[in-house]
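Below is one structure; the comments refer to it alone.
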Amino acid sequence: MLRLGEYTHVRGTTRRWRSHRESIALVPTMGFLHQGHLRLIEWARQQCARVVVSLFVNPTQFGPEEDLAAYPVDLERDAALLDQANVDLLYAPDVREMYAPTHSTWVVEEQVGCGLCGASRPDHFRGVATVVCKLLHRVEPDIAVFGEKDWQQLAVLRRMVRDLDFAVQIVGRPIVREMDGLALSSRNTYLTASERAQAPALYAGLVVMRDAVATGQQDAAVLQRKALDLLRKRMPLGVVEYVQIVDPESLQPLETVQGPALAVAAVRLGKARLIDNLRLR
Ligand code: AMP
């Protein structure tokens, strides 16, 4: 596996691959890899001749009060996992390589990124869109692979690529969960034992909504109440940020569940902020 920190070298390498007609997949991550990341990489491996994984804890997507300084890092362990996964190139830039000291240009999506997580994390999706834009320019992949766990992120990036004419296909892949339903996340390491024991209630709350829809309940307010009741009982340590039913593409709230619908939720649990989502139909 090649390991590079400078984008001119990265682009030189991917352009050489392209001149040999090799297809290229990019999997962007913030590292501290788990099975959720590794499944994306495995899938990318099956699709393209070359797989690039970027590993960058992007400061511009963290708010001033957020966990940038505490975000878990283990570059050597990550590199060993990527090597085992047959990744061709690990691109792990440092912050100064990614952002010029006078960086002043941003990519701002103004619709799907505004509600839900965007409401409590005002500059988060601006940071995500900007860094992914830069990574796409640096790597020039044919496809870029993301997890559906961060559904809103995926929606923002699909808009960016469509609206700004990027020649890349954005691919979303299913959420990888623990046996008890908790979606894998690097941030799960923040949970204490008692918080970890309550964490699966987030997914259980979404499942309650899906089950109620399957038995005919269509009223979003009723469904939301069911999930909130469950969270109150089974996650007393949690603070609910939102539980909503939205249109999967526009992310606009729905009042009734008739067509495609996605249940989305975010809670603060100790030092962690957990998000999850589930298709209702
Ligand atoms: P992160 O390192 O948390 O920024 O995540 C990097 C990529 O992995 C993003 O596209 C995430 O959506 C994806 N990802 C993280 N956790 C999971 C999971 N449990 N299942 C599927 N994809 C995930």
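What follows is calculated from the coordinates using simple rules that are stated; it is not laboratory data. This structure is a prediction, so every number in the text was calculated from the model and none was measured. Note that each Cβ is placed from the backbone with ideal geometry, even for glycine, and that neighbours are counted across all protein chains shown.
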Working only within segment 145-181, note down all residues that are more than 27 Å from ILE245 (Cα to Cα) and out of contact with any Asp or Glu (no Cβ under 8 Å at 6 or more places or on another chain). LEU164, ASP165, PHE166, ALA167
What's the total number of residues in segment 180-213 that are in a helix (DSSP H, G or I) and under 17 Å from ALA266 (Cβ atoms)? 15
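Which one is surrounded by the most Cβ atoms within 10 Å (Cβ to Cβ) among residues in segment 153-201 that are more than 23 Å from MET235 (Cβ to Cβ) and among the small types (Gly, Ala, Ser)?
The qualifying residue surrounded by the most Cβ atoms within 10 Å (Cβ to Cβ) is ALA155.
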Hey, could you check segment 42-60 for residues that are surrounded by fewer than 21 Cβ atoms within 10 Å (Cβ to Cβ), of a type in the set (A, V, I, L, M, F, W, C) and over 14 Å from the mean Cα position of the chain (by Cα) and say which is farthest from GLU6 (Cα to Cα)? TRP43
Screening PRO236, PRO260, PRO253 for residues that are in contact (Cβ under 8 Å) with a residue 24 or more places away in the chain, surrounded by fewer than 15 Cβ atoms within 10 Å (Cβ to Cβ) and away from the ligand (no atom under 16 Å from the Cβ) leaves only PRO236
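Of all the residues that make up segment 137-152, how many are assigned to a helix (DSSP H, G or I), hydrophobic (A, V, I, L, M, F, W, C) and either near the ligand (Cβ under 10 Å from one of its atoms) or surrounded by fewer than 21 Cβ atoms within 10 Å (Cβ to Cβ) (or both)?
Qualifying residue count for the region: 1.
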Among residues of segment 23-43, those that are within 7 Å of the ligand (Cβ to nearest atom) and touching a Cys at 6+ places or on another chain (Cβ under 9 Å), counted: 0
Give segment 96-133 a look and list any residue that's closer than 18 Å to PHE146 by Cβ, among the basic types (Lys, Arg) and not in a loop (DSSP other than H, G, I, E, B), or say none. ARG126
Could you please find all residues in segment 44-74 being more than 14 Å from the ligand (Cβ to nearest atom) and not aliphatic (A, V, I, L, M)? ARG45, GLN46, GLN47, CYS48, ARG50, GLY63, PRO64, GLU65
Filter segment 153-170 down to the residues that are touching a Leu at 6+ places or on another chain (Cβ under 9 Å) and in a strand (DSSP E or B) and list them by number. ILE170
Here are the criteria: (1) within 16 Å of the ligand (Cβ to nearest atom); (2) on the phi > 0 side of the Ramachandran plot. Tell me which single one GLY216 does not satisfy. (1)
